[in-house]
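Taking it in order: structure first as structure tokens, then the write-up.
The values are calculated or read from the model by the stated rules, or taken from the named source; none is laboratory data. Computed from a predicted structure; not experimentally measured. So basically every Cβ, Gly included, is an ideal-geometry build from the backbone, and we count neighbours across all protein chains shown. Side chains included, ligands, DNA and RNA excluded: accessible areas come from the protein's heavy atoms. Shrake-Rupley method; radii C 1.70, N 1.55, O 1.52, S 1.80 Å.
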Amino acid sequence: MARSLGVLVALPFPLPVGFNAEEAHNIVKECVDGVLGGEDYNHNNINQWTASIVEQSLTHLVKLGKAYKYIVTCAVVQKSAYGFHTASSCFWDTTSDGTCTVRWENRTMNCIVNVFAIAIVL
Amino acid sequence: MEEYHRHCDEVGFNAEEAHNIVKEFSPGKSHPRESLSQQRETLVQAGAFHWFGWRGKEKLKPKFNTFGRLPNEMLEQWLSPTNQCVDGVLGGEDYNHNNINQWTASIVEQSLTHLVKLGKAYKYIVTCAVVQKSAYGFHTASSCFWDTTSDGTCTVRWENRTMNCIVNVFAIAIVL
């Protein structure tokens with residue numbers, strides 16, 4: 001007599017179906033606006049600001065509850081006539097991993113935040 | 001037969017607590033002097049441990065290695081190919097607005113190629129920032145949410161007379 005055993009497993013998070021860059025973009029933009037909005041470049045505070053931006057962005061991204069590992073990098077440059085260039089290259093699974101970049105500026109500084117999301121495979 | 005009884009009501013990986021724990025206790029950060037038992041108590045209350053074992057004989061097992069980091073040998077093997085790439089591309093050059101695009105692209109691509117050639121089961125993210133030397137401020141920061149026992153990062157800072165270059169390598173282990 002054959003019996004089949006059915007098992008229903010509920011995962012606490014949805015399986016990744018590709019990284020939602022737009023959602024991440026909005027989250028990060030809000031964080032940057034909150035930290036740098038209305039401020040002028042200040043050498044004394046910049047340390048604190050960049051740390052707040054990356055930490056808050058990371059916390060909000062993790063709160064989305066998706067099965068991703070996140071890397072958030074932030075670069076803030078004082079506005080000047082001098083050149084500044086960034087580039088990045090990734091070796092990953094293009095179907096499940098993704099990235100998003102937020103460029104923000106005001107009168108005295110430019111801010112670039114990169115979010116890299118790597119799917120956690122179970 | 002005694003039933004196996006779990007004390008903590010975990011329903012999956014508590015990312016926020018874990019994030020705070022790792023942030024708080026990551027190596028290199030100085031914290032006020034606390035006795036070992038106090039530190040353990042903080043960690044237990046923050047939920048950093050699994051309870052397991054039969055009732056009355058419960059033991060603590062760490063949820064993940066809060067004090068772990070990749071060994072220096074592993075970090076070093078990412079440093080030297082990256083350093084060599086930057087030297088090869090930017091060595092002897094002055095900051096040039098026309099070529100900078102090409103240079104940053106070469107740095108990241110060559111670094112990535114060399115890292116992949118190491119043949120380890122890692123996904124890599126390489127970022128590069130080049131700034132012209134000036135009296136103006138430039139600041140970068142990064143924060144990562146990952147498995148501290150298997151994933152890691154290394155940063156290469158390079159400079160010459162006219163520019164500063166910062167290359168970050170992030171490596172995430174591929175779990176098979």
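With every protein chain left in place and a probe of 1.4 Å, what is the accessible surface of B:D147, to the nearest 10 Å²?
60 Å²
Please report, in debye to the nearest 20, how large the charge dipole of region A:27-100 is about its Cα centre when each Lys and Arg carries +1 at its beta carbon and each Asp and Glu carries -1 there. Write out the running numbers ahead of the final one.
Numbers: 5 positive and 7 negative charges, 26 e Å.
Dipole magnitude for region A:27-100 comes out near 120 debye.
For region B:108-165, I need the span (max minus min coordinate) of the C-alpha atoms along each principal axis, in Å, sorted largest to smallest.
In descending order, the Cα extents are 41, 25, 12 Å.
For A:Y68, which sequence-distant residues (separation of 5 or more, or a different chain) have an amide H within less than 5 Å of its own amide H, given hydrogens modelled in the peptide plane?
When sequence neighbours closer than 5 places are left aside, the close amide H contacts are A:I120.
Tell me the Kirkwood hydrodynamic radius of region A:15-122 in angstroms, computed as one over the mean inverse distance between distinct C-alpha pairs. Please report the intermediate quantities before stating the final value.
Details: mean 1/r = 0.0682 Å⁻¹.
Over region A:15-122, the inverse of the mean reciprocal pair distance is 14.7 Å.
Provide the per-residue ³J(HN,Hα) series for region B:159-171, in order, calculated from phi with Karplus coefficients 6.51, -1.76, 1.60 and θ = phi - 60°, each as a whole number of Hz, with x at glycine and proline positions.
Karplus-based 3J(HN,Hα) across region B:159-171 equals 8, 9, 5, 10, 8, 10, 10, 10, 10, 9, 10, 10, 10 Hz.
Can you tell me the relative contact order of region A:21-119? Whole percent, Cα pairs under 8 Å, sequence separation 6 or more.
Working: 124 pairs, mean separation 34.4, N = 99.
Taking the mean separation of contacting Cα pairs over the length of region A:21-119, I get 35 percent.
So if each residue of separation counts as 0.36 nm, and I subtract the Cα-Cα distance between A:L64 and A:Y82, what length gain in nm does that give? Before the final figure, lay out each step's value.
Working: separation 18, 0.36 × 18 = 6.48 nm, distance 3.80 nm.
Value of the extension gain: 2.7 nm.
Please report the net charge: other residues with Cβ closer than 11 Å to the Cβ of A:C111, K and R +1, D and E -1.
Values: positive: A:K29, A:K79, A:R103; negative: A:D33, A:E39, A:E105.
Summing Lys/Arg as +1 and Asp/Glu as -1 gives 0.
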